[in-house]
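These notes are about the structure you will find just below.
Every number here is computed from the coordinates shown, using simple stated rules; none is lab data. Worth saying up front: this structure is predicted, and the values here are computed from it rather than measured. Neighbour counts are summed over all protein chains in view; Cβ atoms, including those assigned to glycine, are modelled from backbone coordinates with ideal geometry.
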Amino acid sequence: MIKTRLIATASSVPEQIITNDDISKIVDTSDEWITQRTGIKERHISSGENTSELVADTARKLLERASVAPENVDLIVVASVTPDFGTPSLACMVQKEIGAVNAVAFDIAAACSGFMFALSIADKYIKAGVYKNAVVIGGETLSKIIDWKDRSTCVLFGDGAGGAYVEKSEDAGIICEDLGSCGDQYHILTEGYSPCSNAFNEIPSGVHPDWYVHMDGREVFKFATKNVIKSMQKVMSQEKLTQGDIKYIVPHQANVRITEVISKKLDIPYEKFYMNMERYGNTSSASIPIALNELNEKGLIARGDKIILSGFGGGMTWGTMLIDW
Ligand code: UT7
């Protein structure tokens, strides 16, 4: 049976590191509050790099690690809610940067579930025999859509990109998935609103307040725990797997307390969840591939290991994948 195998992983983050103490100098917060309520200690914040630069850097590393010539790339899918432009897509900008002249390139948006949705699309094209390989990346500069005066959100997010080069395979690869969307709850997490202003409907100039991230944190917390638990149960029961069969789970890095609830409810030891949000914060669509790349670079996963990637986010959306590494 044809599968989609993750051949190489990579990530790229801005050099600038902003600690909790740095943030407590601009809003009324503290290292203690942020650490206890979220698990975050620091995050990488752009000093001018835009999303396309982080995504292109990730793509370059992926091709180098997979030893693939750019002209042999069939498909580029980038997930982001903070692209440089409305058009061109980040994927087309990256295509130019890396010289992937024969690729089809487009973006998708599913917020923090974005990498899961993008990987699912690449998987379907490959399984259908349309393309043989793909570069799949989640990348964000969330710092540009954060209200740096709002302590309830500005402490949570970071900038970065991460991704995978995937290829058609006869043995290892993506086994199954569960994706979902709940549009009726979209209002609990929004950003980037652009009102319709034109020559016949002029509105006051300046940044619209809904341009910034707005979130009902408690509702998102409830949504995440409920749906990620159901989604992980679904993929594991589909393959008749128990927690003992799973080497690692790479969850969306939003809050260590969310992961603790999931670990407890599913009776999966917390140590099996690979966490790095302490150093990156929540990087939305980049969070799972940045963590996956770290796990891979540390040599903690080997061929034959079964791993689960699982994310949730704005929309509201969720996505889980079981992978035979
Ligand atoms: O990628 C998906 C994105 N989002 C998420 O996954 C978020 C999910 N939700 C969460 O992670 C948590 O709900 C938060 C970390 C966002 C908030 O934690 P919480 O335990 O739900 O806190 P809360 O919103 O209920 O606020 C508790 C208190 C409030 O003060 P009062 O009303 O009790 O006096 C807030 O005003 O904490 C206050 N607060 C802060 N205090 C210091 C909120 N933000 C801060 C802050 N520093 N940064």
Vicinal HN-Hα couplings computed from phi for the range 192-206 (Karplus, 6.51 cos²θ - 1.76 cosθ + 1.60; Hz; Gly/Pro x): x, 5, 10, x, 7, 10, 8, 4, 9, 8, 6, 10, x, 6, x
The range 93-216 - charge dipole about Cα centre, Lys and Arg +1 at Cβ, Asp and Glu -1, debye rounded to 20: 320 debye
Contact order relative to length of the chain, as percent, for alpha carbon pairs under 8 angstrom and 6 or more apart: 26 percent
Calculated from backbone phi, Karplus (6.51, -1.76, 1.60) coupling profile of the range 122-129 in Hz, x at Gly/Pro: 4, 4, 5, 4, 5, 5, 7, x
Whichever lysines have a C-alpha closer than 24 Å to that of Lys3, once near sequence neighbours (fewer than 8 apart) are set aside: Lys61, Lys124, Lys127, Lys132, Lys168, Lys234, Lys240, Lys247, Lys306
Expected 222 nm ellipticity per residue - DSSP helices of 4 or more, -39500 (n - 2.57), all of the chain, to 500: -9500 deg cm²/dmol
Cα-based shape type of the range 151-215, given that a ≥ b ≥ c are square roots of the gyration tensor eigenvalues and the cut on a/c is 1.5: prolate
Within the chain, longest stretch free of exposed GluC sites (Glu not before Pro) [DSSP loop, at most 11 other beta carbons within 10 Å]: 16-169
Segment Cys182-Val101, length gained on full extension (0.36 nm per residue, minus Cα span): 25.5 nm
Longest site-free stretch - the chain; sites: trypsin sites (Lys or Arg not before Pro), DSSP loop, at most 13 other Cβ within 10 Å: 26-148
